[in-house]
Each structure stands twice: as C-alpha cells, then as structure tokens.
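The values are calculated or read from the model by the stated rules, or taken from the named source; none is laboratory data. Please read all numbers here as calculations on a predicted model, not as lab measurements. Using ideal geometry, Cβ is built from the backbone for each residue, glycine included, and neighbour counts are taken over all protein chains shown. Ligands, DNA and RNA are excluded from the accessible area calculation, which covers all protein heavy atoms including side chains. Shrake-Rupley method; radii C 1.70, N 1.55, O 1.52, S 1.80 Å.
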Amino acid sequence: MISNQILQSTMEGLKAITRIDLCVMDVEGKEVAGTLTGSEEHSAAVRAFVESPADSQVVQGCQFFKIYDECHLEYVLLAYGESEDVYTVGKLAAFQIQSLLVAYKERFDKDNFIKNLLLDNMLLVDIYNRAKKLHIDTDVKRVIFIIEISSERDANALERMRSLLGGNSKDFVTAVDEKNIIVVKELEEDDGYKEVGRFANELLAMLKGEGLKDFHIAYGTIISDMKEVSKSYKEAKLALDVGKIFFTEKDIVAYNTLGIGRLIYQLPIPLCKMFIREIFEGKSPDNFDDETLTTINKFFENSLNVSETSRQLYIHRNTLVYRLDKIQRITGLDLRVFEDAITFKIALMVVKYMKYMESLEY
C-alpha cells in the first residue's frame with residue numbers, strides 16, 4: 001500500500017506542473033491526499049460513483065476516475081474542472097497512481113520474500129521459484145549488514161535508510177524487528193572483504209551525517225547463493241552481540257574478525273564459572289585496581305614486550321617487572337610466559353562475557 005505522504009507528494013507535484021487541483025479519495029469517500037480543501041462535499045458522489053459501472057465520469061464540476069489495484073477498486077481520483085485538459089490531466093494522474101500501486105506492491109512482495117529468507121522460513125524449492133517470479137538473481141554474491149540503533153527507532157528510520165541507499169536497486173533494506181535495520185548488499189563478482197569493509201565505513205559516515213550517534217553496524221560472511229542469506233544474517237547478529245562484549249570501542253564489527261570472542265560467547269555460563277574457579281581458585285582476574293588493569297592491557301597490546309610497554313606507560317622497566325611479579329603472586333600466572341598470558345587473556349574475556357550475560361537478566 002502506498003503511504004498517504006507519497007500520494008500527497010504526487011498530487012502536489014502534478015498540481016505544480018499542470019495548475020489543476022487534484023484529490024485522491026478512498027471508496028468510503030474520505031480524502032487520502034489532495035491539493036484543495038472542501039473535498040468532503042464530494043463524499044456522497046464518490047460513494048455513488050464507486051457503485052456505478054463507469055470508470056470515469058463528470059460529477060459536480062469534477063472529473064472522477066477509478067483506480068484499481070489489480071481487480072480491486074482502491075481509490076477514486078478527482079480532477080477539478082470539466083474541460084478536455086482537466087480530463088487529460090486526470091487520466092495521467094490516475095495512470096501515475098496506478099503505476100505507483102504496482103511498484104509498491106512489487107516492493108512489498110520483495111520485502112516479504114527477503115524477510116522470510118532472513119528468518120529461514122522458506123523451503124529451498126520455494127526460494128528459487130519465488131525469486132524467479134520477483135526477478136531477483138539467486139546466484140550473485142551478497143553480504144548481510146545489521147544496523148542497530150540503540151535509541152528507539154522512529155517510524156521513518158527504515159524509509160530514511162532506503163533513501164540513503166537507494167542508488168542500487170539490487171540492494172534490499174528491510175527490518176524484522178523494531179530495533180534493527182537490515183541491508184542485503186549485492187556485491188560485484190570480484191568484490192571481497194576489502195570492498196565490504198569500505199561499504200561499511202561509507203554506511204557509518206552516512207549514519208553519522210544523519211546525526212545518529214548511538215548505533216552499531218555488524219555484517220556476516222560473503223555468500224554466493226540466495227539460500228544462504230539466513231546464514232549471513234545469523235552471523236551478523238552474532239557479530240553484533242559479541243561486539244557489545246569484546247569490541248565496545250568499535251562502531252563496525254565483522255563476523256570473520258571475532259576471533260576467540262565468538263567461541264567464548266557460545267560457552268554455557270556454568271562452564272565459564274568452573275573455568276574461573278579452577279584457574280584462579282575462586283578469585284576473579286578483574287579484581288585489580290585500574291593501574292594494574294591498564295598495565296595488563298598495555299602489556300597484551302605490545303605482544304608481551306616489557307621494554308615497549310614500560311615506554312608507553314612512561315614507567316621504569318623495573319616498575320613494570322614489579323607489577324608483573326605482583327600479578328604472578330596473586331594469580332599464579334606469569335604474564336611474561338606465553339601460555340600463562342593466553343590463559344589470563346581468555347579469563348579476562350570470560351569474566352567480561354559473564355558480567356554482560358548477568359546484566360541482561362536485570
């Protein structure tokens with residue numbers, strides 16, 4: 001169904017070109033869009049015209065035209081005036097609205113098809129049959145993006161996103177819930193993750209240009225067949241969730257860069273608690289002061305390099321060694337030993353994951 005805003009914009013555009021007032025009314029005689037006030041005086045005439053067999057008629061100084069959605073009467077168009085020019089403009093306006101109905105119906109059908117694909121609600125044979133009817137290529141490369149806007153999404157956010165990305169008619173922009181906007185992006189044959197990353201950054205710039213601040217972008221892996229759309233969508237959802245835990249500083253998170261965070265996210269909480277308990281004997285590896293935690297994170301960032309870490313922290317090498325020795329006394333792990341460092345790093349991530357999951361329960 002065409003929105004009333006689209007119909008109003010169309011009527012105003014035609015009025016600006018032709019200087020003829022137009023009005024679209026529903027079959028009950030209520031105005032949907034128009035360029036002139038007082039259309040209610042034609043309500044009874046519109047209802048009578050709906051019941052008549054004529055497709056056009058002059059009534060009360062107006063040209064009346066019926067507009068069908070397939071075989072169903074959807075609207076009645078009024079063109080104010082009785083001249084031949086008014087009749088011609090009315091016919092053109094009716095044809096324009098008829099074309100809009102067809103275009104929006106096709107978009108609605110495609111949108112439903114994509115939603116069902118994303119949610120994995122279609123049989124394999126139905127996917128290809130439906131795609132063929134809707135003239136959608138099934139064997140091209142695509143990738144799924146999810147845009148999560150933390151603040152409550154306004155009613156026009158989806159349409160705004162469609163207008164922003166409207167340059168490529170082969171891309172699909174849709175939503176399956178109130179929080180996320182989904183982009184099914186078609187790629188060129190030679191495109192890889194470099195191009196996908198570039199598009200993600202362009203998307204980020206566009207969103208910031210719209211004044212949005214609190215949002216996240218995630219995307220799945222590249223797929224080569226329409227039946228894999230739900231796979232890339234699930235990967236993008238996982239990337240979005242994992243990113244909130246382990247990559248809070250990033251606006252864009254890709255599924256293929258999640259690393260060990262993806263594995264930790266899929267661990268059951270009881271197993272995580274058992275791991276922390278066995279390694280640290282009931283102590284938590286994040287119960288350090290901010291100075292110690294900063295030291296640990298910087299030490300990991302510099303690949304366990306003592307000299308570079310002390311330089312970046314503006315402390316003496318011996319001071320860093322003292323802090324590392326202190327951590328070893330408390331936890332029994334020497335972060336200068338690769339195996340112990342890996343254990344400690346994983347433990348920090350596990351604790352972060354556990355805290356995030358606990359926060360969701362409240």
Residue list for the stretch 342-358, filter: closer than 11 Å to Ile279 by Cα and surrounded by 20 or more Cβ atoms within 10 Å (Cβ to Cβ): Phe344, Ala347
Qualifying positions in the stretch 111-144 - of a type in the set (A, V, I, L, M, F, W, C) and open to solvent by 60 Å² or more (accessible area, probe 1.4 Å): Leu119, Leu123, Leu124, Val125
Taking into account only those residues within the stretch 302-341 that are basic (Lys, Arg), in a helix (DSSP H, G or I) and in contact (Cβ under 8 Å) with a residue 12 or more places away in the chain, which is surrounded by the most Cβ atoms within 10 Å (Cβ to Cβ)? Arg323
Can you find, within the stretch 98-110, the residue that is most open to solvent (accessible area, probe 1.4 Å) among those that are within 19 Å of the chain's Cα centre (by Cα) and within 22 Å of Val24 (Cβ to Cβ)? Phe108
Restricting attention to strands (runs of 3 or more DSSP E) lying wholly within the stretch 2-97, give those where 1 or more residues are open to solvent by 40 Å² or more (accessible area, probe 1.4 Å). 31-34, 56-59, 62-69, 72-80
Can you tell me which residue is least open to solvent (accessible area, probe 1.4 Å) among those in the stretch 158-196 that are assigned to a helix (DSSP H, G or I) and either under 20 Å from Leu212 (Cβ atoms) or of a type in the set (Phe, Trp, Tyr) (or both)? Met161
Just one of (1) among the basic types (Lys, Arg); (2) more than 20 Å from Ile127 (Cα to Cα); (3) buried (at least 16 other Cβ atoms within 10 Å of the Cβ); (4) touching an Asp or Glu at 6+ places or on another chain (Cβ under 9 Å) trips up Lys237, so point out which. (4)
List every residue pair whose Cβ atoms sit under 8 Å apart, with the two residues 6 or more apart in sequence or on different chains, where the first one lies in the stretch 344-362 and is closer than 21 Å to Asn297 by Cβ and the second, anywhere, is open to solvent by 30 Å² or more (accessible area, probe 1.4 Å) and of a type in the set (Val, Ile, Thr). Ile346/Ile260; Ala347/Ile279; Met349/Ile260; Met354/Ile269
Those residues of the stretch 197-234 which are open to solvent by 60 Å² or more (accessible area, probe 1.4 Å), small (Gly, Ala, Ser) and touching a residue at least 24 places away in the same chain (Cβ under 8 Å), in sequence order: Ser224
Listed by first then second residue, the pairs whose first member lies in the stretch 118-140 and is touching a residue at least 12 places away in the same chain (Cβ under 8 Å), whose partner is surrounded by 17 or more Cβ atoms within 10 Å (Cβ to Cβ) and assigned to a loop (DSSP other than H, G, I, E, B), with beta carbons under 8 Å and at least 6 positions apart or on separate chains, are Arg130/Met122; Val140/Leu187
List the helices (runs of 4 or more DSSP H) inside the stretch 206-298, counting only whole elements, that have at least 3 residues being under 19 Å from Ile182 (Cβ atoms) and of a type outside the set (Gly, Ala, Ser). 229-246
